[in-house]
Amino acid sequence: MPAPLLQIETDNALPPEADCVVIGGGIAGVSAAYWLARAGQKVVLLEKGRVGAEQSSRNWGWCRQQNRDARELPLSTRSLALWENIAADLGEDTGFRRCGLLYLSDNEAEIEGWATWGRFARGEGIDTRMLTAAEAAERGAATGKPWLGGVWSPSDGTADPARAVPVIARGIVRHGGHVIQSCAARGVELAGGRVCGVITERGTIRTPVVVVAGGAWAGSFMHRMGISFPQASVRSSILSIAPGAEGVPPALHTAAVSVTRRGDGGHTLAISGRANVDPTPAMLHHARQFLPMFARRWRALSPGGMQGWRAGFETRRHWAMDRPTPMERMRVLDPAPSARLVAETLARARRLLPALRDVPVQASWAGFIDSTPDGVPVIDADTGIPGLVLAAGLSGHGFGIGPGVGHLVADMVLGRKPITATAQYRLDRFRSSQWGKVAKF
């Protein structure tokens, strides 16, 4: 079933022209359109289904600096402040709270890895605190067991996946932009090798700039334009339980299970890194580039089925612009969760946290998490086609950094000084081998 999501009403009329068109209504696309509209741009956001309906509402909701790859850490830090900035500007709650994130472990090697990261991060000004066994047991009192150690990151937090993206989408409209739902972008028009418009299922919008922020669909969309963007997805399954569990930390990670308090007082339960691999045409095509990542993470991945292939989001076919496309046949990616993984997650959570044992399950769902070969996003205006910007491949940790990704896109479009360095997010980095480049978090 779909994850819980705030439904909003938006425009139906397609504007004939815009300063910029953003394709994709997930956290990256909505944030990019929001910052562009806030800067005075005439921006149009196109979403083939409902804003936030795919992975942006199906994640844990974590907004973290803790254990980030060094390439993403500055963007993570800026994004935390931007979550607060957005809420202050809109006067509407996205669910963002700096509630702190708690990591607990009985594995000495894992704790040492956190300590190594912490020494680096503190040099970057990050507030990350190693916990002794006594401190870990105190903060993890809800588990009722001792711990070897842990980490507490007090300035990190969570936002509400059920409402954050729709709320920011309303902010686009408030700042004069347009949000068009149930309208798929079929392709980009060029004139003299430059972007001049977007072809949609309802007609064409004239524009000199297009941002492709299509999440798991971005790779096939770029392939349709003759640009190679290596992308592969795994199917993640999680569940939520009803309100009623008292004393559980708002955001807790252990090797067994991770637990996050939801906006309604319930909790999301997941096993970090566990997912099913559903083969797709794009995954097979880019398999060589993804070997380092799969070699590193194979213990957490299980064979899947044909859901990904049938969904068509990683197709290698070139669809026609005058007929329905794969995006129109599959408005929202809503794969079936793994019943086995959901049951295992629930059992682990109830063993770890006694307060959860009598709380009923609300729902379970799955989502396709798209990744790049090195686990770091692509945010790049130098795609080979002037006026075409790519912001995708957020690799399962894009919800928290979404506001920063969007701000960086707006910086590129507007030609202003970027909020962080950009070299690490370039598309052309995938021309070289990926061995030794996989993100370590």
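The values are calculated or read from the model by the stated rules, or taken from the named source; none is laboratory data. Only a predicted model underlies this, so the values are computations on that prediction, with no experimental measurement involved. Every residue, glycine as well, gets a Cβ built from its backbone with ideal geometry; the counts of neighbours run over all protein chains shown. Just so you know, the surface numbers come from the protein's heavy atoms only, side chains and all, with ligands and any DNA or RNA stripped out. Shrake-Rupley method; radii C 1.70, N 1.55, O 1.52, S 1.80 Å.
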*Cleavage-rule hits (GluC sites (Glu not before Pro)) in the range 17-106: DSSP loop, at most 15 neighbouring Cβ within 10 angstrom*: Glu92
*Using every pair of alpha-carbon atoms in the range 351-441, split the distances into 10 Å bins beginning at 0 and state the percent of pairs per bin, rounded to integers.*
14, 37, 25, 12, 10, 2
*Cβ under 15 Å from Ser155's Cβ, Ser155 left aside: what net charge do those residues give with Lys, Arg +1 and Asp, Glu -1?*
+3
_Radius, Kirkwood style, for the range 276-344 when every pair of distinct Cα atoms is counted (Å)_ = 13.9
*Which percent of the accessible heavy-atom area of the chain goes to carbon and sulfur, probe 1.4 angstrom?*
53
*Given the range 171-326 reduced to its alpha-carbon atoms as identical point scatterers, what log10 I(q)/I(0) does the Debye formula return at q = 0.09, 0.11, 0.18 Å⁻¹?*
-0.46, -0.67, -1.11
*Over the alpha-carbon set of the range 1-158, work out the extent along each principal axis and list the three values in angstrom, largest first.*
62, 38, 28
*For Lys417, go through the aspartates and glutamates and keep the ones whose alpha-carbon is under 17 Å away, minus same-chain ones fewer than eight residues off.*
Asp380, Asp382
*Relative to the Cα centre, what is the charge dipole magnitude of the chain, using +1 at the beta carbon of each Lys and Arg, -1 at the beta carbon of each Asp and Glu, and rounding to the nearest 20 debye?*
740
*List the pair-distance distribution P(r) of the range 1-65, using every Cα-Cα distance, as the percent of pairs falling in each 10 Å bin from 0 up to the bin containing the longest distance, rounded to whole percents.*
19, 47, 27, 7, 0
*Among all the aspartates and glutamates, which ones have a C-alpha under 14 Å from Lys145's C-alpha, if same-chain residues fewer than 8 places away are not counted?*
Asp106, Glu135
_Rolling a 1.4 Å sphere over the protein heavy atoms, what is the accessible area per residue of the range 333-441, to the nearest Å²?_
38
_Simple label model, 7 Å out from Cα along Cβ direction - Arg288 to Asp127, nm_ = 4.9
*Subtracting the Cα-Cα distance from 0.36 nm times the residue separation, let me have the gained length for Ala242 to Arg323 in nm, one decimal.*
24.8 nm
*DSSP bridge pairs, the chain: antiparallel proportion in percent, nearest 5*: 70
*Amide H neighbours of His397 under 5 Å, counting only residues 5+ apart in sequence or on other chains, H built in-plane at 1.01 Å?*
none
*Taking H placed 1.01 Å from N in the peptide plane, check which residues at least 5 places from Ala232 or on another chain put their amide H under 5 Å from its amide H.*
Ser371
*For the range 33-77, just the Cα set please: Rg and Dmax, both in angstrom.*
14.6, 37
_Debye intensity ratio I(q)/I(0), log10, the range 301-399, q values 0.13, 0.18, 0.24 Å⁻¹ (C-alpha model)_ = -0.73, -1.11, -1.35
*Can you check what the net charge comes to around Leu346, using other residues whose Cβ is under 15 Å from the Cβ of Leu346 (Lys, Arg +1; Asp, Glu -1)?*
+4
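Taking 2.2 N^0.38 Å as the expected size of a compact globular protein, what ratio does the Cα radius of gyration of the range 82-133 give against it, to two decimals?
In units of the globular-protein estimate, the range 82-133 measures up at 1.57.
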*Using all Cα-Cα distances in the chain, what percent lands in each 20 angstrom bin from 0 up to the longest?*
27, 60, 13, 0
*Ignoring ligands and nucleic acids, what accessible area does Arg296 show with a 1.4 Å probe (Å², nearest 10)?*
130
*Using a 1.4 angstrom probe, figure out how much accessible area the range 1-153 has per residue, in square angstrom, rounded to the nearest whole.*
39
